[in-house]
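Trainee: Below are the structure tokens for one structure; questions will follow.
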Amino acid sequence: MEDCASSDEDYYYSSDRDSLDGLENEDSDLQWAPSKGPTTKVITKESLLAAQREDLRRVMEMLSLREHHARTLLIHYRWDVEKLLAVLVEKGKADLFSEAGVSVVEREDTVTPLSSSSTAMCDICIEELPADKMTKMDCGHAFCNDCWTEHFVVKINEGQSKRIRCMAHKCNAICDEAVVRNLVGKRHPDLAEKFDRFLLESYIEDNRMVKWCPSTPHCGNAIRVEDDEFCEVECSCGVQFCFSCLSEAHSPCSCMMWELWMKKCRDESETVNWITVHTKPCPKCHKPVEKNGGCNLVSCICGQAFCWLCGGATGRDHTWSRIAGHSCGRYIEDREKKTERAKRDLYRYMHYHNRYKAHTDSFKLESKLKETILEKVSISEERESRLRDFSWVTNGLCRLFRSRRVLSYSYPFAFYMFGEELFKDEMTNEEREIKQHLFEDQQQQLEANVEKLSKFLEEPFDQYTDDKVMEIRMQVINLSVIIDSLCKKMYECIENDLLGSLQRNTHNIAPYKSKGIEKASELAVCWSGKASTTTGKCLPSDCGTSGKRDRSFSFGTSDDKGCPSPKQPKKESYGGGFFDLNLPAEVLDRN
């Protein structure tokens with residue numbers, strides 16, 4: 001694609017504002033699909049309780065359960081409501097409850113309450129106590145309050161407060177959280193608060209679709225994804241990360257590849273390789289010795305002389321034909337193979353690491369140039385010119401940053417994809433060579449166009465004439481579209497042609513998104529209970545946390561009353577922001 005966007009006759013000059021207005025026209029020939037709202041949500045400290053109660057409400061209404069029973073079920077199934085429903089359909093309600101340690105609801109009516117005037121024996125401390133000092137759980141087992149309290153305190157301190165089981169022998173029932181809170185709170189109020197905090201944070205700790213933001217220092221936010229856990233997200237604090245492994249965003253590398261690559265770059269493995277290639281151990285003190293002359297009789301600092309050719313200890317005297325006390329004319333194949341292999345592995349690693357580092361450094365430098373380029377835009381907007389809209393510069397920068405990151409992480413992917421560390425037994429040498437050529441061809445095309453885009457964006461367009469700026473503008477728009485298409489093709493190649501027949505379960509990659517890593521939106525909470533139906537306004541997520549309420553939570557965009565509504569897609573604003581770079585340049589620039 002060397003000649004991409006080079007023909008002047010393909011250009012349709014018009015203002016960016018006019019072209020964008022044309023895109024918004026409903027009568028346009030282009031079928032314009034409404035954009036979906038963000039699929040990731042930021043859960044703050046204030047909205048955590050509301051987010052948890054949304055899932056609790058669903059289970060409580062569906063199974064007619066009390067809140068603590070619904071929480072016990074959700075914690076057991078790691079807050080996966082869909083999995084809970086699948087088990088309910090497959091095994092029925094009785095098995096669903098017994099596996100999770102929930103006492104069957106119908107059994108509650110058959111449990112005889114303790115009479116206030118009677119006494120009962122506690123099977124733990126073997127004391128007969130009045131009924132008001134005994135507590136019976138839903139499972140029917142009753143023990144004295146002191147024994148229950150000590151049991152709860154031990155479990156909370158051990159970190160098992162989310163699933164405290166009954167003390168009875170072979171009873172798997174989970175204790176009522178209200179009873180735990182009441183008994184522990186009388187003696188240890190701090191432990192009761194700790195117990196409540198553990199129950200609240202279990203929504204994040206035990207939920208595979210919700211994870212803490214890995215920012216340092218921690219921002220206090222959690223991220224919830226709606227669809228796929230193999231994705232890259234951006235928290236409201238600005239940190240971008242891989243949701244699966246919580247490290248920095250690294251696609252098209254899989255999480256396992258990135259972990260191995262970071263370890264390889266971080267530890268001393270390559271230093272050891274260099275030492276293996278360029279030094280040999282002293283046969284006496286075993287320290288590595290580097291040869292600094294042409295003679296093959298070398299001497300270690302410990303005083304031991306040895307032969308550089310074979311590493312064997314020798315005397316210190318030698319002539320033109322032999323070394324005293326030594327002769328090594330025999331060829332040892334294994335040793336030579338090991339040395340050559342170490343050299344080859346080192347050179348291969350250096351090849352991929354140098355290119356990974358080069359694109360990473362380019363990304364950092366181009367990020368610093370952003371302010372300079374935006375200053376050029378400001379100067380160009382102030383002068384008298386028929387060009388008023390320079391959004392193509394902003395969009396070109398975003399495309400450059402996104403594609404530069406893809407290029408940077410594509411080299412660690414290639415290092416492991418076509419090496420022998422992960423897929424040695426899953427591809428023949430011929431298959432590996434074919435796949436490597438296919439990937440490298442696409443990688444080189446992407447690399448060439450990214451460098452072209454970087455060159456055009458660094459042009460001093462604030463000093464050029466309008467015709468010259470118009471030419472640069474068309475080059476930037478066309479290159480942006482081409483680069484986006486090449487990135488898509490590279491991801492499709494990785495998912496279908498390279499990883500398609502291999503271990504997909506351990507090498508999932510985050511999907512490519514043209515507009516970059518999605519920024520998570522704040523979790524919106526709205527009540528639809530009787531108290532709020534007359535006003536129809538959204539209420540704070542942390543107000544009112546006790547008592548029974550008819551709650552309805554929605555995570556879409558806002559309707560006319562200010563409450564979130566998933567039925568109304570949010571209309572994109574194209575005036576001063578970003579537009580879809582997937583569209584061809586002639587569509588973006590037509591009247």
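Trainee: Has segment 208-228 got any residue that is within 22 Å of Leu499 (Cα to Cα) and among the small types (Gly, Ala, Ser)?
Mentor: No - not one qualifying residue is present in segment 208-228.
Trainee: Separate question: Which residues, taken from segment 257-281, are of a type outside the set (D, E, K, R) and either exposed (fewer than 14 other Cβ atoms within 10 Å of the Cβ) or modelled with pLDDT under 85 (or both)?
Mentor: Cys265, Ser269, Thr271, Val272, Asn273, Trp274, Ile275, Thr276, Val277, His278, Thr279, Pro281 - these are the residues of segment 257-281 that are of a type outside the set (D, E, K, R) and either exposed (fewer than 14 other Cβ atoms within 10 Å of the Cβ) or modelled with pLDDT under 85 (or both).
Trainee: Tyr512 passes all but one of (1) open to solvent by less than 20 Å² (accessible area, probe 1.4 Å); (2) in contact (Cβ under 8 Å) with a residue 60 or more places away in the chain; which number fails?
Mentor: Tyr512 satisfies every listed condition except (1).
Let's see how each residue does on (1) modelled with pLDDT under 85; (2) touching a strand residue (DSSP E or B) at 6+ places or on another chain (Cβ under 8 Å); (3) under 25 Å from Ser454 (Cα atoms):
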site	(1), (2), (3)
Met470	no, no, yes
Leu486	no, no, yes
Asp497	no, no, no
Tyr512	no, no, yes
Cys526	yes, yes, no
Gly529	yes, no, no
Thr535	yes, no, no
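Trainee: Sticking with this one: Can you name the condition, by its number, that Thr506 falls short on among (1) within 26 Å of Met427 (Cα to Cα); (2) in a helix (DSSP H, G or I); (3) β-branched (Val, Ile, Thr)?
Mentor: Tallying (1) within 26 Å of Met427 (Cα to Cα); (2) in a helix (DSSP H, G or I); (3) β-branched (Val, Ile, Thr), Thr506 fails exactly one: (2).
Trainee: Restrict the check to segment 233-249 and report whether at least one residue is touching a Pro at 6+ places or on another chain (Cβ under 8 Å), assigned to a loop (DSSP other than H, G, I, E, B), open to solvent by 50 Å² or more (accessible area, probe 1.4 Å) and at pLDDT 90 or above.
Mentor: Taking every residue of segment 233-249 in turn, at least one turns out to be touching a Pro at 6+ places or on another chain (Cβ under 8 Å), assigned to a loop (DSSP other than H, G, I, E, B), open to solvent by 50 Å² or more (accessible area, probe 1.4 Å) and at pLDDT 90 or above.
Trainee: Just for segment 137-158: of the residues that are free of Cβ contacts under 8 Å to residues at least 12 places away in the same chain and either touching a Gly at 6+ places or on another chain (Cβ under 9 Å) or under 16 Å from Glu177 (Cα atoms) (or both), which one is surrounded by the most Cβ atoms within 10 Å (Cβ to Cβ)?
Mentor: Looking only at segment 137-158, we keep the residues that are free of Cβ contacts under 8 Å to residues at least 12 places away in the same chain, and these are 150, 154-155, 158.
Then drop every residue that is not either touching a Gly at 6+ places or on another chain (Cβ under 9 Å) or under 16 Å from Glu177 (Cα atoms) (or both), which leaves 150, 154-155.
Working: Glu150: 17, Val154: 11, Lys155: 19.
Top of the filtered list is Lys155.
Trainee: Yes or no: segment 126-136 includes at least one residue that is open to solvent by 90 Å² or more (accessible area, probe 1.4 Å), closer than 28 Å to Glu150 by Cα, at pLDDT 85 or above and not charged (D, E, K, R).
Mentor: Yes; the residues of segment 126-136 include at least one that is open to solvent by 90 Å² or more (accessible area, probe 1.4 Å), closer than 28 Å to Glu150 by Cα, at pLDDT 85 or above and not charged (D, E, K, R).
Trainee: Give the number of residues within segment 351-400 that are under 25 Å from the mean Cα position of the chain (by Cα) and in contact (Cβ under 8 Å) with a residue 40 or more places away in the chain.
Mentor: Within segment 351-400, residues that are under 25 Å from the mean Cα position of the chain (by Cα) and in contact (Cβ under 8 Å) with a residue 40 or more places away in the chain number 14.
Trainee: Just a yes or no: is a residue in segment 420-429 part of a helix (DSSP H, G or I) and of a type in the set (Phe, Trp, Tyr)?
Mentor: Taking every residue of segment 420-429 in turn, none turns out to be part of a helix (DSSP H, G or I) and of a type in the set (Phe, Trp, Tyr).
Trainee: Which one is farthest from the chain's Cα centre (by Cα) among residues in segment 207-232 that are exposed (fewer than 15 other Cβ atoms within 10 Å of the Cβ) and in contact (Cβ under 8 Å) with a residue 24 or more places away in the chain?
Mentor: That would be Gly220.
Trainee: Step by step: first the residues of segment 36-91, then only those that are small (Gly, Ala, Ser) and in a loop (DSSP other than H, G, I, E, B), then the one that is nearest to Ile204 (Cα to Cα). Which residue is that? Walk me through how you get there before you give the answer.
Mentor: The first filter runs over segment 36-91 and keeps only residues small (Gly, Ala, Ser), leaving 37, 47, 50-51, 64, 70, 86.
If we keep only those that are in a loop (DSSP other than H, G, I, E, B) too, we end up with 37, 47, 64.
Values: Gly37: 23, Ser47: 12, Ser64: 24 Å.
Here the answer is Ser47.
Matching residues to (1) touching a helix residue (DSSP H, G or I) at 6+ places or on another chain (Cβ under 8 Å); (2) of a type in the set (Gly, Ala, Ser):
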{"position": "His218", "(1), (2)": "no, no"}
{"position": "Ile223", "(1), (2)": "no, no"}
{"position": "Glu229", "(1), (2)": "no, no"}
{"position": "Gly238", "(1), (2)": "no, yes"}
{"position": "Leu246", "(1), (2)": "no, no"}
{"position": "Ser251", "(1), (2)": "yes, yes"}
{"position": "Cys255", "(1), (2)": "no, no"}
{"position": "Leu260", "(1), (2)": "yes, no"}
{"position": "Arg266", "(1), (2)": "no, no"}
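Trainee: Considering only residues that are open to solvent by 10 Å² or more (accessible area, probe 1.4 Å), assigned to a helix (DSSP H, G or I) and either of a type in the set (Lys, Arg) or farther than 23 Å from Asn449 by Cα (or both), which ones fall in segment 378-398?
Mentor: Ser378, Ile379, Glu381, Glu382
Trainee: Scan segment 145-163 residue by residue and report those that are small (Gly, Ala, Ser) and touching a helix residue (DSSP H, G or I) at 6+ places or on another chain (Cβ under 6 Å).
Mentor: Correct list: Ser161 only.
Trainee: Look through Lys368, Lys338 and report the one residue that is assigned by the TED database to the domain that holds Ser410, modelled with pLDDT under 80 and under 30 Å from Glu458 (Cα atoms).
Mentor: Lys368
One line per residue, one yes/no per condition, for (1) surrounded by fewer than 21 Cβ atoms within 10 Å (Cβ to Cβ); (2) part of a helix (DSSP H, G or I); (3) without any contact (Cβ under 8 Å) to a residue 12 or more places away in the chain; (4) within 32 Å of the chain's Cα centre (by Cα):
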| site | (1), (2), (3), (4) |
| --- | --- |
| Ile434 | yes, yes, yes, yes |
| Gln445 | yes, yes, no, yes |
| Ser454 | yes, yes, no, yes |
| Asp462 | yes, yes, no, no |
| Gln475 | no, yes, no, no |
| Ile483 | no, yes, no, yes |
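Trainee: Within the set of pairs 6 or more residues apart or between chains, which connect a residue that is closer than 28 Å to Tyr416 by Cα inside segment 325-350 to a residue that is open to solvent by 100 Å² or more (accessible area, probe 1.4 Å) and modelled with pLDDT of 60 or more with Cβ atoms less than 7 Å apart?
Mentor: Matching pairs, first to second residue: Leu346/Trp274.
Trainee: Here's another thing I want to ask about it. Tell me the residue from Ala173, Ala168 that is farther than 21 Å from Glu67 by Cβ and open to solvent by less than 20 Å² (accessible area, probe 1.4 Å), please.
Mentor: Selected residue: Ala168, the only one of Ala173, Ala168 that is farther than 21 Å from Glu67 by Cβ and open to solvent by less than 20 Å² (accessible area, probe 1.4 Å).
The values are calculated or read from the model by the stated rules, or taken from the named source; none is laboratory data. Source: prediction; values computed, not measured. We place every Cβ from the backbone using ideal geometry, glycine too, and count neighbours over all the protein chains shown. Note: areas computed on protein heavy atoms with side chains; ligands, DNA, RNA excluded. Shrake-Rupley method; radii C 1.70, N 1.55, O 1.52, S 1.80 Å.
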